[in-house]
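Below is one structure, written out as structure tokens; comments come after it.
Where a number appears in this text, it was derived from the coordinates with a stated rule and is not lab data. Quick caveat: nothing in here was measured; it's all calculated off a predicted structure. Cβ coordinates were reconstructed from backbone atoms using ideal geometry, including for glycine residues, and neighbour counts include every protein chain displayed.
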Amino acid sequence: MRRIQKFAAVLGALAAATALAGSARAQEKPEIWHYYAAGSEKAGIDALIDYANKQNPDNPVGQRVIPGNVVELRRQLQTALLGGQPPAAYQSSMASELKTFVDGGRLHDLSAVWAEIKGDEIFPEGIQRVVKIGGKPYGIPFDLSLINNVFYNKAIFEKMEITPPANWDELVAACKTLREGGVEPLGNAGGPFWSLYNFYAPLVSTVGVDGYYKIASGEMGFDTPEFRKALQLYRDTMVSCYAKNWSGKTWTQTADDVVNNNTGMFMMGIWASAYFKQAGFAPGEKFDVFPAPGTDGKVIFQMDAFAVPEGPEATVKAAEGFIRAATSPKGLESFAVPKGSLAPSTAVPASIYDYAGKKFAEQYAAASKANAVLPNLFFLLPTKVGTELGNQIERFAIDPSESTENEVISTLEALRQEALAEEAYTKW
Amino acid sequence: MSAQTINRRGPVPYTVAIVFALVFVAPLVLAILTSLKSPAEITRVLSVPTELYWQNYATAFERMGRSLLNSILITAPAVVLSIAIGCVAAYPLAFMHGRGGRFTYFVLLTGMLVPFQIVQIPLFFLIRSIGLYDTIGGLWLVHTAYAIPFCTFFMRNFFSSVPRSMYEAARIDGCSAASYFWRLLLPASASGLSALAIIQSRAIWNDLLFGMTLTSSDNARPATVAIAGFASSLQVEYGPLMAATLVSTVPVMLAFLIFQKSFVRGLLGGSGK
Amino acid sequence: MAHMPAKAGWSRTTLTFAGFLALPVALFAVFFLYPIVSTFYLSLHDWDGVAQNMRFIGLRNYWVLSAQPRFYHAVLNNISWLVFMLLGPTALGLLLAAVLDRGLRGERAFRIIFFLPFTIPAVAVAAIWRWVYEPSNGLLTTLMRNVGLGEFAQNWLGDPGVVNFALMGAVLWWTTGFAFLVFFAGLRNIPVELLEAARIEGATPWQSFWRVSFPLLWPSTIIVLGISAIDAMRLFDIVWATTSGGPAYASEVLATQMYDVAFGRFEMGRASAISVYLLLIAGVVIMPYIAYMSRRVADSEAD
């Protein structure tokens, strides 16, 4: 019995402590939700929110990190939207992702902020079209990464006298040299994104920019000879170069292989640059980059934007104030530099970046002028088609046999038909 | 644990124990080494850190912050409550042999089959509507409620192992059903209770899903959410992640060490079969 | 309770019992039945989880799923997890508990070591095992290479034919602590006199374990097997955190598929249908076992 009393006393104390803690509850600020929980991503978002709050001392915002990725964020967001407690603004992907929430009547039209920050002037056309739904902007871009560059280990290239390949044949030849020299030629990593992002280069080389958008809009089928040709080009070039056991590694493990001189090249989003740097592998000295064959003069990008759910006027105002400050050139700079990504606004000068960042910024500027800024296909497709495409391309990269090729094509084509019937496709 | 029992054991148990201990420890060594490596060294998985990089632990503590305290405030009462409710439900179910009892038991057990990922939207509405969203009290309630099937299952089995003759003898002595429960059955189940306490401490301490869904601020956010935060969308901060993980296992290990005493004692304080 | 002896006082006992059950049953109704019913309701709809309205489509989600190879693949994975979870952690936990039972020097240290992995959160287990299974320089491959077994090293998490076994290895490490703990507690509940008696009759430790201890471990065994079976059906965290069901769905189980369909593809209705299937399959597979085992305990009591 005495033990039970002791126990009750402990319980009581805990309850009291909890009550005290609860009463010390801070006043709630409008929240920005994102999934930049760690590393340079966190450093970037912290700096951005700091900067914006300094610009809006009367209307500061708070942040909430959703650990995980876009899937976890959607889950939290869905719960919050249904519960009537959405964040003031959140990190959203582009195109289909935005459209789902716009169609659901959940997002606030950001035309006013867009006009103030002169969105039509500072963002290239390829970017504008993936944040506007029905002609109105629902997301303001703040974070841009190119996904069509190949990183390479300079020491290995110099030792084997390889120059950065400019076309597919040179890439395959470089792979051969590397393999003969005892180095894995091209890194890749498991998961539904990385093989898909690699595949965009052969895809664009085969179907061109028009074809890329036609696949995105559902006009071009997965059972067309062009798409099959793209798969075969992918198989004969990149897939044939992939490092042994690539599918069992995470992207950072593959990046480690490049750092440790086990792998020569790695086609990855430009965030890899920040990772290399953190590992003491300096841009320009230890590694360099070249655009994947078939993408010279173009860029393929992955982007994050801030979206604002419909909510109380004060919250929406706070969110708009935050976005205004965050997407000013200074705001974008405060994020892009620590994070190691690009500012999506062309008003931000290239001089803010490091060696690799400058290269990316130049590619981006040139592609903007040539109107060759291509959004990540994954997000242009209806969400379920994009997700399936990622899985199927990974499957093909693991086993590029003819039977897999046929299955990949028939699976994707069946899904395209289903999505067409549901009118799920959008012409971006 | 008399000397003679030790003598009776040959080298086989030792060998088995040591081999498995090595296998069990190896991944942990990897975790410990990583928790002490600088970001540059983490690129080499099996290397030994050239110098101990305690910064990871500093980062871990800084980022976990208030959430460690929250986790303690959530876990300790929730463990007690969940075991209490499990015992309360298990007792009648262990002793009622009618169809009603069996049916109730069966229904309660189906709860174990529910995947928690799907409960969260209705759950969110529920917790918000009773004003417990983002409170530690809300998590007590949720952990207690969702522990019912398991704790009932666990305790019912343990109660069943206490000889029924004890129950009948007590009843003949005029002991009421309720006082049998408090005075005889619970003390006789010490080893079961402590095993369950350990399992529940671990389950509640490690909960991520409810913590993510039902908290939104430092008021109630548990440490697991902070730990998951070291794995971001693209990057994982392995050093601080491992440091935070090792730190966060300490309270569960403490619970283990505290409660294991009572199941080492086992039946000594029990039914006296 | 009809067959209980009709003594005076039984009805009071019944009332007491009902009183004991009231709170758990009420909580259960609110926290389990309500979500299950609402999940079933969702499963009859086409809903992206975002729109304000959902469209009623009857049982279509169910028959669409029942025609998908991807769905069956996940079901099969759950079944192989079921077999593994019933055998692997259970057997190893029993072995370790038996080895440590009563007087092994350093017992306490071993106990901590065997239990420790069980306390680690899934995210961290995934990160640790990602290094163990790194196919070229990871812990396992390196160890195998050093003892001359390098050629048997696999692409542990990247080969669709290997990934499930690799995950099972990680889970064995992670969850054996649970079975170990329950069996250990169960062994402690076995009266020393019985073992002494067996010893006096000349039984070896091996014989007395199987003849005396093991039969008395039924309640513990039921707990471990029951929970293992349920964990196998509900498996989510470790798969999601390690492979997210990949490569290309190879390691997908129903709970991760449900998650992917719900939040990776905005198909809440279909995801709910997966949950309902999961509930039904788990019910069909596990409930008879639990019912049977519960009765067994009750019967052995009555003897």
Quiz item: Can you list the residues, at least 5 places off or on another chain, whose amide H is less than 5 Å from the amide H of A:ASP143, using H built in the peptide plane?
Solution: A:ASP304
Self-check item: Choice from B:ALA243, B:ALA40, B:ALA17 showing the highest fluctuation, given a GNM over chain B with Cα pairs closer than 10 Å
Solution: B:ALA17
Practice problem: Using a 10 Å cut-off on Cβ to Cβ distances, tally the other chain neighbours for every residue of C:76-86 and report the average as a whole number. | Solution: 0
Exercise. Would you pull out the residues with amide H under 5 Å of A:GLU31's amide H, same chain only if 5 or more places away, H placed 1.01 Å from N?
Key: A:GLY62, A:ALA88, A:ALA89
Quiz item: When each pair of different Cα atoms in chain A is counted once in the 1/r mean, what is the Kirkwood radius in angstroms, to one decimal?
Solution: 23.0 Å
Quiz prompt | Phi to ³J(HN,Hα) by Karplus 6.51 cos²θ - 1.76 cosθ + 1.60 over the stretch A:360-366, Hz, x for Gly, Pro | solution = 5, 5, 5, 4, 5, 5, 4
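Quantify how strongly other chains surround peptide A:413-423 by giving the mean number of their Cβ atoms within 10 Å of each of its Cβ atoms. Mind dumping the intermediate values first?
Values: counts 0, 0, 0, 0, 0, 1, 0, 0, 0, 1, 0.
The shielding value for this peptide is 0.
What ranking do B:ARG99, C:ARG111, A:ARG228 get, fewest neighbouring Cβ atoms within 10 angstrom at the top? Please report the intermediate quantities before stating the final value.
Details: B:ARG99 11, C:ARG111 23, A:ARG228 16.
If I rank by nearby Cβ atoms, fewest first, I get B:ARG99, A:ARG228, C:ARG111.
I need C:LEU15, A:LEU233, A:LEU186 ordered by Cβ neighbour count within 10 Å, fewest first. Don't skip to the end; give the middle numbers.
Details: C:LEU15 11, A:LEU233 20, A:LEU186 26.
If I rank by nearby Cβ atoms, fewest first, I get C:LEU15, A:LEU233, A:LEU186.
Equivalent ellipsoid semi-axes for the stretch B:122-189, as square roots of 5 times the alpha carbon gyration tensor eigenvalues: give them largest first, rounded to whole Å. Intermediate results must be reported in sequence, preceding the final value.
Values: eigenvalues 268, 33, 15 Å².
Its equivalent ellipsoid spans semi-axes of 37, 13, 9 Å.
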Exercise. Compare the Cα positions of C:TYR72, C:GLY106, C:PHE165 along the charge dipole of the stretch C:61-185 (+1 at Cβ of Lys, Arg; -1 at Cβ of Asp, Glu; about the Cα centre) and return the one farthest towards the positive end.
Key: C:GLY106
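Evaluate peptide A:74-87: per residue, the Cβ atoms of other protein chains within 10 Å of its Cβ; return the mean as an integer. If you can, show how the numbers build up before the last one.
Details: counts 6, 11, 6, 3, 10, 10, 3, 3, 7, 7, 2, 5, 0, 1.
Mean partner shielding for this stretch: 5.
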Quiz item: Taking chain B as a Gaussian network, where each spring joins two C-alpha atoms under 10 Å apart, which residue of B:LEU68, B:LEU93, B:LEU30 fluctuates the most?
Solution: B:LEU30
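Rounded to a whole number of µm²/s, how large is the Stokes-Einstein D of the protein assembly as shown at 25 °C and 0.890 mPa s, given Rh as the Kirkwood radius over C-alpha pairs?
Details: Rh = 30.1 Å.
For these conditions, the coefficient is 81 µm²/s.
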Quiz item: Which ordering of A:LYS118, A:LYS358 is given by a fewest-first count of other beta-carbon atoms within 10 Å?
Solution: A:LYS118, A:LYS358
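Rounded to the nearest 5, what % of DSSP beta bridges with both residues in chain A are antiparallel? Write down the numbers at each step before the final one.
Values: 22 of 36 bridges.
The answer is about 60 percent antiparallel.
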Self-check item: Percentage, to the nearest whole number, of Cα pairs in the stretch A:26-117 over 19 Å apart
Solution: 47 percent
Quiz item: What is the helix-to-structure angle for A:168-180, meaning the angle in degrees between its Cα long axis and the longest Cα principal axis of chain A, kept from 0 to 90 and rounded to the nearest 10?
Solution: 90 degrees
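Rounded, prolate or oblate: which one fits chain B, using the alpha carbon gyration tensor with axes a ≥ b ≥ c (rounded when a/c is under 1.5, else prolate when a/b beats b/c, else oblate)? Show your work: numbers first, answer last.
Details: a/c = 2.65, a/b = 1.36, b/c = 1.96.
In terms of gyration-tensor shape, oblate.
Largest first and in whole Å, give the semi-axes of the stretch C:23-117's equivalent ellipsoid, each being the square root of 5 times a Cα gyration tensor eigenvalue. Let's see the in-between values first.
Values: eigenvalues 399, 89, 27 Å².
Here the semi-axes work out to 45, 21, 12 Å.
Would you work out if chain C is rounded, prolate or oblate? Take a ≥ b ≥ c from the square roots of the eigenvalues of the alpha-carbon gyration tensor; rounded if a/c is under 1.5, else prolate when a/b is larger than b/c, oblate otherwise. Could the numbers behind the result be given before it?
Details: a/c = 2.52, a/b = 1.11, b/c = 2.27.
Oblate, because a/c is 1.5 or more while a/b does not exceed b/c.
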Quiz item: Most mobile of C:THR90, C:THR204, C:THR14 per a Gaussian network model of chain C (Cα springs, under 10 Å)?
Solution: C:THR14
Exercise. Mind listing the long-range amide H neighbours of A:ASP288? Cut-off is under 5 Å, sequence gap 5 or more, other chains count too, H placed in the peptide plane at 1.01 Å from N.
Key: A:TYR152, A:LYS154
